[in-house]
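The structure appears below as structure tokens.
The values are calculated or read from the model by the stated rules, or taken from the named source; none is laboratory data. Quick caveat: nothing in here was measured; it's all calculated off a predicted structure. Note that each Cβ is placed from the backbone with ideal geometry, even for glycine, and that neighbours are counted across all protein chains shown. Please note that ligands, DNA and RNA were not included when accessible areas were found on the heavy atoms of the full protein model with its side chains. Shrake-Rupley method; radii C 1.70, N 1.55, O 1.52, S 1.80 Å.
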Amino acid sequence: MTSPKTSLRKTPIAASAFALVTSAALAQDVRETVPASVAQVAPALEAYTSEVILGSEWNNEAMSVRDRALVTFAALMTRHETENLASYVALALDAGVTPAELSETITHLAFYTGLGNATAAAEAAAPVFESRGIAPESLPGAEVEFLPLNQEAEDAREALVSGLYSDVSIGVVDNTRDVLFRDLWLRPDLAPRDRSLVTVAALIAAGQPEQMTFHLNRAMDNGLTQEEAGAMLSHLAFYAGWPKVFSAMPVAKEVFENRAE
């Protein structure tokens, strides 16, 4: 990272680039995720946030602002950072994430980050939904028409998991099959690519890179590009921390290299 002094000399350029890529309204929405207390207590942090994160990272076209908002929400939900989460709910909605997609993201990540994190995220999102007139009846319910099942891929996944773990916990094996992969992953209001995207983001934010190989491959099978995956890692370094991202980098490298063969 460049020094704060060097960064400050780049401020006009960064601000101009940011304005070109995003609308003035959305740029303001991103900036509103930063509490005023940051500038009051840590002026250098405010400068890094304004210039490097908001003025550069969010402006990088390798990943859309919409995807960045969804990934950020997933990471903060995973980390149980609920105090400022409502501002990221508003940002995601303004960036093009639909209420149904946010609702499904919270539901989906309950299974990957825990029920408590999902409940806290729902509590943070509720006032935003209410203020925007998003009613519960407009959101996906329990009964939906599932997407088609990739039977071959599911059979291979089931054989692997069942073969390894049936003698350890048949409940985990059965619920993984029946609740996750033959139910949750087939719900239509969050596209398979986006389910994979938020799952990988959650695994990185949780510091669980050992679970990434399967899900990053699945994400790329579902349409996530290598460029987007790399951009997600760069983005999450700011929101989950460098150590967690560097723990995930070798896994991503191996996935990329194996898929290139």
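Looking only at region 75-111, filter to residues that are assigned to a loop (DSSP other than H, G, I, E, B) and of a type in the set (A, V, I, L, M); which one of those is nearest to Leu139 (Cα to Cα)?
The residue in question is Val97.
Kindly provide the set of residues from region 138-163 that are farther than 21 Å from Asp189 by Cα and either of a type in the set (Asp, Glu) or surrounded by fewer than 10 Cβ atoms within 10 Å (Cβ to Cβ) (or both), ordered by number.
Glu152, Asp155, Glu158
Tally the residues that are open to solvent by 20 Å² or more (accessible area, probe 1.4 Å) and of a type in the set (A, V, I, L, M), restricting the search to region 63-94.
Total meeting the criteria: 4.
If I go through region 35-56 residue by residue, how many of them are closer than 23 Å to Leu102 by Cβ and open to solvent by 20 Å² or more (accessible area, probe 1.4 Å)?
Total meeting the criteria: 2.
Name the residue, out of Ala110, Ala135, Ala118, that is open to solvent by less than 50 Å² (accessible area, probe 1.4 Å), in contact (Cβ under 8 Å) with a residue 12 or more places away in the chain, on the phi < 0 side of the Ramachandran plot and hydrophobic (A, V, I, L, M, F, W, C).
None of the other options fit; the residue is Ala118.
Can you tell me which of Ala156, Ala95 is small (Gly, Ala, Ser) and touching a Lys or Arg at 6+ places or on another chain (Cβ under 8 Å)?
Going through Ala156, Ala95 in turn, just one is small (Gly, Ala, Ser) and touching a Lys or Arg at 6+ places or on another chain (Cβ under 8 Å): Ala95.
List pairs: first residue in region 165-180 and in contact (Cβ under 8 Å) with a residue 24 or more places away in the chain, second residue open to solvent by 50 Å² or more (accessible area, probe 1.4 Å) and part of a helix (DSSP H, G or I) anywhere in the structure, Cβ distance under 7 angstrom, at least six positions apart or on different chains.
Leu180/Phe111
Report every pair of residues separated by at least 6 positions or lying on different chains whose Cβ atoms are under 8 Å apart, first residue within region 223-248 and without any contact (Cβ under 8 Å) to a residue 40 or more places away in the chain, second among the charged types (D, E, K, R).
Here the result reads Gly223/Arg193; Leu224/Arg193; Gln226/Arg259, each pair linking region 223-248 to a residue that is among the charged types (D, E, K, R).
For region 177-220, which residues satisfy the criterion of being in a helix (DSSP H, G or I), surrounded by fewer than 19 Cβ atoms within 10 Å (Cβ to Cβ) and either of a type in the set (S, T, N, Q) or on the phi > 0 side of the Ramachandran plot (or both)?
Result: Gln211, Thr213, Asn217.
Every residue in region 34-74 that is part of a loop (DSSP other than H, G, I, E, B), without any contact (Cβ under 8 Å) to a residue 40 or more places away in the chain and not hydroxyl-bearing (Ser, Thr, Tyr), please.
Val34, Ala42, listed by residue number.
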